[in-house]
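Let me begin by presenting the structure, written as structure tokens, before commenting on it.
The values are calculated or read from the model by the stated rules, or taken from the named source; none is laboratory data. Computed from a prediction, not measured in an experiment: that's the story for all the values here. Accessible surface is based on the protein model in full, side chains and every heavy atom, while ligands, DNA and RNA are left aside. Shrake-Rupley method; radii C 1.70, N 1.55, O 1.52, S 1.80 Å.
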Amino acid sequence: MLFWFLKVSVLVYLGLGLYLYLAQRSFMYFPVDGREASDVRAEYLSNDGESIKLWVLGEGSEKAVIYFGGNAEDVYYNAEDFRATLPGYTSYLVNYRGYGGSSGSPNEANLFADALRLFDELRSRHKQVAVIGRSLGSGVAAYLASQRDVDRLILVTPLDSALALAKSMYPVYPVSLLLKDRYESVAYAPEIEAPTLMVIAEHDQIIPRRHSLRLEEAFSPGLVERVVIANAGHNGLSGHSQYWQAFERFLNP
């Protein structure tokens, strides 16, 4: 009986591990459908044969901000808040590959490549380019800031790495051998020179605060300003007025 139990347990463990490995990107990315909008202009960026859809607000400013959203976020719904909060900026809200009318499929390498391509394009249009990344997007933003001279960086509910988060969620599996998209912001942080604002939700159940604080510790001393939004959770953070006030104050020093 014991041998049978052990055999079944091993088979279940291996089967679940195989499923997690094969389906891991479906647990990480939740693409939103494309939409048409009359109140926001859409622009398309070509990269590696794919078409990346951007929502563009406040055109014509010398200052720009790029927004990389969460893994299940329809970035269109931020348009009114960006208009109201940052009227002196041209804002570019990025639909990742496979999201919101962009072609292709999302993965770490593709999102990183698109971020670099977009920044290089916008640097030719604007004198200043700031970058905001929320949740999954914080990993894209941190990588971009480590590779390019961004003017200011905002990381919202950031994770130190997807690898560290996955290890805490699946401690019985060798996650370091299985995970494809790692978003190791903690490794990029020492290369970032831009003034950085970190916005954290007091009651974040998705990315526990210890992951954000570990990322903060990896930056050069004195580079990061931290704001904790009281009584906020991971998904409801942007519904708090302090959230947008922190953006406005940091990007308009």
>> Under 25 °C and 0.890 mPa s, how fast does segment 205-253 diffuse according to Stokes-Einstein, given a Kirkwood radius computed over C-alpha pairs? Answer in µm²/s, whole number.
In response: 200
> Direction-averaged shadow area of the convex hull around the Cα atoms of segment 6-104, nm²?
Replying inline: 8.6
> How much accessible surface does residue 126 have with a 1.4 Å probe, in Å² rounded to 10?
Replying inline: 20
> Which semi-axes, in whole Å and largest first, does the equivalent ellipsoid of segment 77-186 have when worked out from the alpha carbon gyration tensor as the square roots of 5 times its eigenvalues?
Replying inline: 28, 15, 14
>> If you restrict to DSSP beta bridges whose two residues both lie in the chain, what percentage is antiparallel, to the nearest 5?
In response: 30
>> Checking understanding here: applying a Kyte-Doolittle mean of at least -0.5 and a length along the axis of at least 27 Å (C-alpha), which whole DSSP H helices in the chain pass?
In response: 2-28
> If you take all C-alpha pairs in the chain, what percent of them are over 29 Å apart?
Replying inline: 30
> So which aspartates and glutamates can residue 53 reach, going by Cα to Cα under 13 Å and dropping same-chain residues fewer than 8 places off?
Replying inline: 33, 36, 43, 74, 114
